[in-house]
Amino acid sequence: ASPVIGHLKHGMRSTGPTTAVHYLATKCVDTVKTHHKDSKWFMPWGPDQCSKIRDFDEATAKRIEANNIVFAVHIPLPNREMSPWFQFMLVILQFDIAFKMQNQIEDGSLVTMDVGLAYRDSTLSEWTEMAHSTEHRKLSCNFTATMTYENEGRYYECDLLPFMEVGSVAHKYYLLNIRLPVNERKKVNIGIGEIKDIRLVSIHQNGGFTKVWFAMKTFLTPSVLIIMIWYWRRITQMTRPPVLLEKIIFALGISMTFINIPVEWFSVGFNWTWMLLFGDIRQGIFYAMLLSFWIIFCGEHLMDQTERNHFSVYWKQVGPIVFGSFCLFIFDMCERGVQLKNPFYSIWASDVGTELAMAFIIVAGICACLYFLFLCFMVFQVFRNISGKRSSLPAMTKARRLHYEGLIFRFKFLMLVTLACAAMTVIFFIISQVNEGHWHWGGYTVQVNSAFFTGIYGMWNLYVFALMFLYAPSHKRYGDEQSSAGNSGEDIQLTTTITHVDGPTEIYKMTGKEAQE
């Protein structure tokens, strides 16, 4: 699920698939001055809370150095618990930086953070370290007022920074400790302005949405699996080998079943941090299969194509789709793959990474739009050719003519459904890409509600189900009452591509005859 900010409502009532919770870091004082990994964890509240300061002026008065201040954030808020139903946790960071004439933010300044993440499952147990890292984030702030002594104390407007992503929420309580170590000799955290506070936004999937999502997958898996088995049995009963169109529909059914299998149920009981990555891979395989299928589906119904029923004919169209999917996989591995080891890692943290990621999202969106336009062109060609072939219908007997007119109408309807499905898929793909990245460039978010999310998924299943149902070979025959030699000859010619099939495939069949002529 893409990290999309919904309304800031708690629990299951939110309209979005995700919920965002805001936190303000508490400034704890490390009196022990131990900075190695075994150092104790600082709790912002509760019975074992740390000794706190309100602001840095108090720290200066008490002669507390910046290196001894620890920003502590407990996730979730007091008297609440995290749940495995939340699926993932994405944390965004924002600095509150005050303007001072003597301590301005320098261009290209980096903030160095010594960050630690710990967890526990009971309020009485000890904190267990989950991750520890030294992270660098580039500040992107601007000061809207004029830089004069009168405006000292006003805040800079700073962009949100990617901070952390965890692929499973297996524990009830999480604790973040952030230090901003200062080293003047090494120029560490120098020229970053006067940091007053650290704010965090934690985003997780709604438990209610997760349950609906799991239930939907559990219901849809057997439905598609049963029709897939039935479809393949119909094909194997034929005397001829399966044609390319039948094979590709079956492959689409397999990829739909693969994305349907509700392995997410295990994520509730097991701490599988790789579930997000696995989900992305499954969705990527399905996207590649679906986009390739639409190209072959339209291509196989183009009547002026002399060579068909060979996968090699489509390598020019399918090749770029496979290459694009592979690029998306590499991009995902660079981000989520590394996050399995270090949840604080972000490809957006560096300039080069940000430019690459931005370019990737823009190129992916443009390619999706170009693909859709190409598909529209192919569908237009199919429609134009079908209209041309309708001229041969008046020569047929009434029963046969009505039968083919019905088939043409149904086939045109299926083509339009395909186009609508493609349009929705492209829109969904672009929106999900934008939402993946919107935090990182500090732009606007597109509100995607649960109905749209589950609706697209349901549409894919329904579409795959309908295809297998419509394209399953049948043993019926039409127009057998016309047993004259001429008509039986026509019958043989009509079934050069596929024998004894009805449904949309007969259009495909009719084209075999026309192409030969």
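The values are calculated or read from the model by the stated rules, or taken from the named source; none is laboratory data. Remember, predicted model here, so these are calculated numbers, not experimental data. Ideal geometry is used to build each Cβ from the backbone, glycine not excepted, and the neighbour counts take in all protein chains shown. For the accessible areas, the whole protein counts, side chains as well, though only heavy atoms, and no ligand, DNA or RNA atoms are used. Shrake-Rupley method; radii C 1.70, N 1.55, O 1.52, S 1.80 Å.
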Among the residues of region 262-280, which ones are out of contact with any strand residue (DSSP E or B) (no Cβ under 8 Å at 6 or more places or on another chain), of a type in the set (Val, Ile, Thr) and crowded, with 16+ Cβ neighbours inside 10 Å?
-> Val268
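Just one of Val182, Val166 is within 29 Å of Leu139 (Cα to Cα) and surrounded by fewer than 19 Cβ atoms within 10 Å (Cβ to Cβ); which is it? I'd like the intermediate steps shown before the answer.
On the way: Val166 fails: surrounded by fewer than 19 Cβ atoms within 10 Å (Cβ to Cβ).
Being within 29 Å of Leu139 (Cα to Cα) and surrounded by fewer than 19 Cβ atoms within 10 Å (Cβ to Cβ) holds for just one of Val182, Val166, which is Val182.
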Among the numbered conditions (1) hydrophobic (A, V, I, L, M, F, W, C); (2) in a helix (DSSP H, G or I); (3) open to solvent by less than 70 Å² (accessible area, probe 1.4 Å), tell me where Met396 comes up short.
-> (2)
Just to be sure, is Ser202 crowded, with 18+ Cβ neighbours inside 10 Å, at pLDDT 85 or above and either under 30 Å from Asp55 (Cβ atoms) or polar (S, T, N, Q) (or both)?
-> yes
Considering only residues of region 375-397 that are closer than 16 Å to Gln317 by Cβ and in contact (Cβ under 8 Å) with a residue 12 or more places away in the chain, which is nearest to the chain's Cα centre (by Cα)?
-> Leu375
Residues of region 407-421 being open to solvent by 40 Å² or more (accessible area, probe 1.4 Å) and either hydrophobic (A, V, I, L, M, F, W, C) or without any contact (Cβ under 8 Å) to a residue 24 or more places away in the chain (or both), which ones?
-> Phe409, Phe413, Leu416, Val417, Ala420
Quick check: is even one residue across region 316-329 over 30 Å from Lys389 (Cα atoms), of a type in the set (A, V, I, L, M) and at pLDDT below 85?
-> no
Of the numbered conditions (1) open to solvent by 30 Å² or more (accessible area, probe 1.4 Å); (2) in a helix (DSSP H, G or I); (3) touching a residue at least 40 places away in the same chain (Cβ under 8 Å), Cys298 satisfies every one except a single condition; which is it?
-> (1)
Restricted to region 231-261, and to residues that are more than 17 Å from Glu300 (Cβ to Cβ) and of a type in the set (Lys, Arg), which residue is surrounded by the most Cβ atoms within 10 Å (Cβ to Cβ)?
-> Arg234
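Wholly within region 57-175, which strands (runs of 3 or more DSSP E) include no fewer than the required count, namely at least 1 residues that are over 31 Å from the mean Cα position of the chain (by Cα) and aliphatic (A, V, I, L, M)? Explain how you work it out, then say what you get.
Values: elements: 69-75, 89-98, 110-120, 128-138, 161-166.
The strands (runs of 3 or more DSSP E) meeting that bar are 69-75, 89-98.
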